[in-house]
Each structure stands twice: as C-alpha cells, then as structure tokens.
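Engineer: Mind looking over this structure? Questions follow.
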Amino acid sequence: MTDNHTAATSDLSYLRTLAETGREAPLMAGPYLAAGGGWFAAASLTQWPVLRNLLGLDLQQAMMAWLAAAAGFAIHLLVLIRQDRTKSENSSNRAVNSVWTGIGFAIMAFWIGVAVMAYRQEDPFLMNSISLHVLSLYSVGWAVAAAMTRQGWMRFNALMALITVPLLGAFVGTGHEYLIYAIALILTAVIPGLRLMAASQVVRQPKLGA
C-alpha cells in the first residue's frame, strides 16, 4: 500500500509539473500572428479612402493589395513552417497551434465561400463580412490560448477582438472600416505576436551563472 501511495503521489507530482511547465512555456504562434496580421493590416490600409487618395490609387489598384498580401503571407508562412520543423512542442503549444491552424483554414474556407456567393449574387458588398469573421475567430483563438496558459492579457485580447466585431459592423460601408480593421489586426495579432516572440527569446537566453 505504501509503495502504491508513493507511486501515485509521484505521478501526480509529475503531471502537476508538466502542467506548470506548459503554462509557463512561451507559445510558438507569435511569428505567424505577427506575419498574418501585418500583411493583411497593410492591405486593409490601402483600402481606406484617405490613404488611397494620398497614394493616388484607384479602387481596383487598391483591391489588388489583398492578393499581394495573400501571396506575401503564403511565402512568409512557408518560411516560418520550415524554420519550425526542428522545434519541439509542449502540450500547450500543440493545442494552441492546432487551434490557430484551424482558424487559418476556417478563414480561408469562409473567404472562398463568400467570394462565390458574392459572385453569384453579383454583390461584392458581401465580402465585407470576412473581416467580422476573422475577428470573431481571433477571439476564439485567444480564449483558448488564455485557458491553456492562464495569462490575463490573452483574455483581454479575446475580449477586444470580440468587442471590435459589432464596432466594425457599424462602420461597414463608410470606408473607415478598413482603418478600424487594420488597427484591430495590429492590436490583436501583430503586437501580441511580437510579445510572444520576445518572450520566447527571453526563455532561450541562458541564465547567468547557470
């Protein structure tokens, strides 16, 4: 009985240590979030009438920025995936990365579906729903990340992404929704992504005297 109790206590201690390590380990999704948010925030800004006029772009030229952002992000994504092939993942990273990967595929599928619907209905205005969908899914991704790591700032990101959805909807059709969307991507993807990257670099640095 004593041996069994000791073994059970040791197993529980081991599992607790794994859980604590998983919560404290930095997430690896930072470069992907910064890249995706950066490319598409830049594309969204070119749609904003104020900046579009300053750049001398017509609407069709500005719309090409979305395709350029998609191509740029695809290449960037391939580079990041190749860099991460040799890195090991803990349970928290594995779960969070799976969620963000699913979010990426969901956004792509939604984009294709809305594009087909807009083409069939001859109503390009339907494409404005994509930004609402993206931010809604971002709130889910950050909520899962917060649950896995128990970090309050990630809960805040999830809440901000969620709150921005109706705000963005209220401005759709004014032209200013593109500025709001770009700012939302910077605040909920680019800056948090850079924060995760900085945290990862700190953990990798050897401690003095170690």
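Engineer: If you go through the range 135-163, how many residues are β-branched (V, I, T) and free of Cβ contacts under 8 Å to residues at least 40 places away in the same chain?
Structural biologist: 1
Engineer: Check M117 against each of (1) buried (at least 17 other Cβ atoms within 10 Å of the Cβ); (2) in contact with an Asp or Glu (Cβ under 9 Å, 6 or more places away or on another chain) and name the one condition it does not meet.
Structural biologist: It fails just one condition, (1).
Engineer: Report yes if some residue within the range 64-79 is out of contact with any Gly (no Cβ under 9 Å at 6 or more places or on another chain) and farther than 19 Å from A41 by Cα; otherwise report no.
Structural biologist: yes
Engineer: Would you please list the contacts, defined by Cβ atoms under 6 Å and residues six or more apart or on different chains, that run from a residue in the range 180-192 that is at positive phi to a residue that is surrounded by fewer than 20 Cβ atoms within 10 Å (Cβ to Cβ) and assigned to a helix (DSSP H, G or I)?
Structural biologist: Close Cβ pairs (under 6 Å, with a partner that is surrounded by fewer than 20 Cβ atoms within 10 Å (Cβ to Cβ) and assigned to a helix (DSSP H, G or I)) do not exist here.
Engineer: When both residues are 6+ apart or on different chains and their Cβ atoms are under 8 Å apart, which pairs have a first residue that lies in the range 87-102 and is surrounded by 15 or more Cβ atoms within 10 Å (Cβ to Cβ), and a second that is modelled with pLDDT under 70 and hydroxyl-bearing (S, T, Y)?
Structural biologist: N90/T21
Engineer: Further question on the same structure: Helices (runs of 4 or more DSSP H) wholly in the range 96-210 with at least 2 residues that are more than 14 Å from G30 (Cβ to Cβ) and among the aliphatic types (A, V, I, L, M) - which ones?
Structural biologist: Fully inside the range 96-210 and qualifying: 129-149, 152-171, 177-185.
Engineer: Scan the range 107-117 for residues that are of a type outside the set (V, I, T) and at pLDDT 95 or above and jot them down.
Structural biologist: A109, F110, G113, M117
The values are calculated or read from the model by the stated rules, or taken from the named source; none is laboratory data. Since we're looking at a predicted model, the values are computed, not measured. Don't worry about glycine lacking a Cβ; one is built from the backbone with ideal geometry, like all the others, and counts go over all protein chains shown.
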